[in-house]
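Bear in mind that the values in this text are calculations on the coordinates, not laboratory data. Computed from a predicted structure; not experimentally measured. Cβ placement follows ideal geometry from the backbone for every residue including glycine, while neighbour counts extend to all protein chains displayed.
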Amino acid sequence: MPEYPVTLTPPLQKKNHHEETTSDLQITVYTLQSSLLSQHKLEDALHEAEMKCRKTEREKEELDEQICRVASMMRDEDELKSALDEAVLVKMYQYGT
């Protein structure tokens, strides 16, 4: 997982009004930093899911191509069987069997 240039800064303890304001700001900064990290992680997860989807699509295309090749081979086999059956019938007719 990539490193992010965001570091989480925990808020200070509240002591007086000025420090409360500072602490509130630090809490806000901490929350925003956490949200930013979460967003980066979600973006990474989305990117990974997109890559898996593309891989799955490529694998599906490869399987479709294999199915087409097998179907073509089966048609060729059927044609060969038909030709062989016809040749056998011709020979049987020629020999009067």
Fully extended contour minus Cα-Cα distance, from Val88 to Ser35, at 0.36 nm per residue: 11.3 nm
Within-12-Å neighbourhood charge of Ile67 [Cβ basis; K, R +1; D, E -1]: -2
Exposure proxy ranking, count of Cβ atoms within 10 Å, fewest first, for Ile27, Ile67: Ile67, Ile27
Cleavage-rule hits (trypsin sites (Lys or Arg not before Pro)) in the range 41-97: DSSP loop, at most 11 neighbouring Cβ within 10 angstrom: none
Under Karplus coefficients 6.51, -1.76 and 1.60, residue-wise ³J(HN,Hα) of the range 38-54 in Hz, glycine/proline x: 4, 4, 4, 5, 5, 5, 5, 5, 5, 4, 4, 5, 5, 5, 5, 5, 4
